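Asks: Below is a structure I'd like to ask you about.
Computed from the coordinates by the stated procedures, all read-outs in this text should not be read as laboratory data. All of these numbers come straight from a predicted model, not from anything done at the bench. Here the Cβ positions follow ideal geometry from the backbone for every residue, glycine too, while neighbour counts run over all protein chains shown.
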Amino acid sequence: MMNYDVIIVGSGLAGTMTALELDKSLNILLITKKSLEDCNSYLAQGGICVLKNNEDRESFIEDTLRAGHYKNKKSSVEILVDESISGIDRLIYYGVNFSKTNNIYDYTKEGGHSTNRILHCNDETGKYIMLSLFEELKKRKNIKILEDTEVIDLIKKENRCFGVITKDNKYFASNTILATGGLGGIFKHTTNFSHIKGDGIAMAIRNNVKVKDISYIQIHPTTLYENSNNRRFLISESVRGEGAIILNHKNKRFTNELMPRDIVSRAIYDEMRKENVEYEYLSMREVGVEKIESRFPMIYENLINKGIDPKTENLKIVPSEHYTMGGIEVDEYSKTSLEGLFAVGEVSNTGVHGKNRLASNSLLESVVYGRKLANYINKNFERFNVDIDLKERFINLEKNTELIKEIIKEDERVKEYIN
Ligand code: SIN
C-alpha cells in the first residue's frame, strides 16, 4: 500500500509550483501522464502578466473583466492581480530569467491589454519557466515523480477523497490535487498536447464534484494553417502585440488585431466564411524585419523549417482551440466540493477568466493559486493513514474522454470542432 501526504496529478506550472511551495516535511507524489515536459505550460509562448505598478491595478483588473465578458469572479481577479508581483518574484527566485532590454525587463503586449504588462522569455516563456522549476523539483527529496502513468479515478469514501487509482495501482493520500490541465486534446485542431483531454474534469464529474462552465472554451486566433491533423503551431499573440497584422485574401486588414481573443477569432471565422476560404493571413513584417528573428527565435526557426520565411511572406493562419476557462469549481484555496480534493490551474475554475481569458493570465493563475493552495495545506495539514478496500472499478481513460466529449457537444458553438 502506498500512502502519501499529498498527491499531485499533472506536471504543468500549477502542479509543479504547488509541489515546490508545499512544506518540505510533506511526503509528496507527483504523477504525470507522459514525461514532465509534456505539459501545455511548457508550450506557452507569449508570457506571464504582472502588475507593473499601483497605477496599473484598476486597469489590469478591468482588462481581465472586459476580456471575460464580466462573467469573472471579481474577488478572484483581485487576488490574481494583487499577488502577481510576489508570484513573479518567486519564479525569479527559482531561477527564471525574464527577457530584458538594456538591463530593464522587456514588457510586451497582447490582445485585450491596455498597456504592456507581460513578462516573457523570448517566445518560449513556458519552456524556460518549466525548466527552472523542474530543476528544483528534481532536487527535492520529499517529492517522488511518477511519469508515464495514467490516473483514471479518484479514491473516494464518505464524501472525502483519499487518493487516486491509476491503470495498475492505487495511491492513497491525505490530500489530492488535480492539476491535469484542460481538454484541448478532444479537439480536431488545438494548440494543446493531444493527451491532455479533460481527464481531471471527467473524474470530478463522475465523483459528483461540482464543475462550472466547462463549455467556456477559448479559440486562439492565430495558429499556423497546415494540412495535417497534428497539434497546431501557435503564432503567439505577442507577435501581434509587437505589430503583426491580419490580412484577408485581398491583402486588406479586417479587424483590430489587439482586441480580446474571442473577438479576433470570430472576425477571422467571419472573414473565412465571407471569402469562402480555409485560412487568412498574418504578416509579421510589421514587427520589423530585423527584429523577427531576435524577438521570436523559436517561431522563426520553426517557420523556416516548414519552408516559410516570415521576413518575406505572409503566414497562413486559422483559429484553433487553445484553453478551457471553465473547470472544477474551487474557492480561493483551490478547495473543491469534495473534502480532501483540490484543483489548480487550467482544470480548475477559480472564476478568474470569466467567459474568455485575457492573454497571459493563465501562467499567472497557476503561480498565484498554486502558491495559495500550498500555503493552505502547509497551515492546515492533517495526516490520514488510509487503507480502503476498493472494489474493482472498470473505468478507463477512453470512458473519461467520451464523457467530456458528450458534455462539450451540448454546446452548439464548439460542437463542430471536436474530433
Ligand atoms: C500566446 O502566446 O499567444 C498564448 C499566450 C496565452 O495563452 O495567454
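Asks: Taking amide H atoms as placed 1.01 Å from N in the peptide plane, list the residues 5 or more away in sequence, or in a different chain, whose amide H sits under 5 Å from that of Asp153.
Replies: Long-range HN contacts for Asp153: Ile165.
Asks: With the contact rule set at Cα under 8 Å and sequence spacing of 6 or more, what percent relative contact order holds for the chain? Please report the intermediate quantities before stating the final value.
Replies: Values: 938 pairs, mean separation 105.9, N = 419.
RCO, the chain: 25 percent.
Asks: Any of Lys144/Lys197; Lys74/Lys212; Lys212/Lys409; Lys52/Lys139; Lys24/Lys372 with alpha carbons more than 22 Å apart? Name them for me.
Replies: Details: Lys144/Lys197 24 Å; Lys74/Lys212 16 Å; Lys212/Lys409 16 Å; Lys52/Lys139 32 Å; Lys24/Lys372 16 Å.
Over 22 Å apart, Cα to Cα: Lys144/Lys197; Lys52/Lys139.
Asks: OK, next. Once you charge only the Cβ atoms, +1 for Lys and Arg and -1 for Asp and Glu, what is the size of the charge dipole of segment 1-144 about its Cα centre, to the nearest 20 debye?
Replies: Once rounded to the nearest 20, the dipole reads 460 debye.
Asks: A further question on this structure: Ranking request for peptides 21-27, 279-285, 317-323: highest mean number of other beta-carbon atoms within 10 Å first, then the rest in descending order.
Replies: My ranking of the peptides, most packed first, is 317-323, 279-285, 21-27.
Asks: Given the DSSP H assignment, sum -39500 (n - 2.57) over each helix run of at least 4 residues in the chain and divide by its residue total; what's the result at 222 nm in deg cm²/dmol, nearest 500?
Replies: Result for the chain, helices only: -9500 deg cm²/dmol.
Asks: Another one. When only Cα pairs under 8 Å and 6 or more residues apart are kept, what is the percent relative contact order across segment 182-309?
Replies: That works out to 19 percent.
Asks: For the chain, what is one quarter of the convex hull surface built on the Cα atoms, given in nm²?
Replies: Over all viewing directions, the chain projects a mean Cα-hull area of 19.6 nm².
Asks: Where the only charges are on Cβ atoms (+1 Lys, Arg; -1 Asp, Glu), what is the dipole of segment 174-262 about its Cα centre, to the nearest 20 debye?
Replies: It comes to approximately 220 debye.
Asks: How much net charge surrounds Glu286 when only other residues with a Cβ under 13 Å from its Cβ are counted (Lys, Arg +1; Asp, Glu -1)?
Replies: +3
Asks: Still on this model: Suppose every Lys and Arg Cβ carries +1 and every Asp and Glu Cβ carries -1, with no other charges. What dipole size does the chain come out with about its Cα centre, to the nearest 20 debye?
Replies: Working: 59 positive and 62 negative charges, 56 e Å.
Value, rounded to 20: 280 debye.
Asks: Would you mind counting up the charge near Gly327? Only other residues with Cβ under 10 Å from its Cβ, with Lys and Arg at +1 and Asp and Glu at -1.
Replies: -2
Asks: Which entries of Lys157/Lys210; Lys127/Lys355; Lys109/Lys291; Lys335/Lys379 show an alpha-carbon separation above 20 angstrom in the structure shown?
Replies: Among Lys157/Lys210; Lys127/Lys355; Lys109/Lys291; Lys335/Lys379, the Cα-Cα distance tops 20 Å for Lys127/Lys355.
Asks: Taking Lys405 as the anchor, which aspartates and glutamates have their alpha carbon closer than 15 Å to its alpha carbon, excluding any fewer than eight residues away along the same chain?
Replies: Asp199, Asp213, Glu321, Glu416
Asks: Could you rank the peptides 152-160, 240-248 by their average count of other C-beta atoms within 10 Å per residue, with the highest value first?
Replies: Per-residue Cβ counts within 10 Å, averaged per peptide and sorted highest first, yield 240-248, 152-160.
Asks: Something else about it: Please compute the net charge surrounding Cys121, taking Lys and Arg as +1 and Asp and Glu as -1 over other residues with Cβ under 13 Å from its Cβ.
Replies: 0
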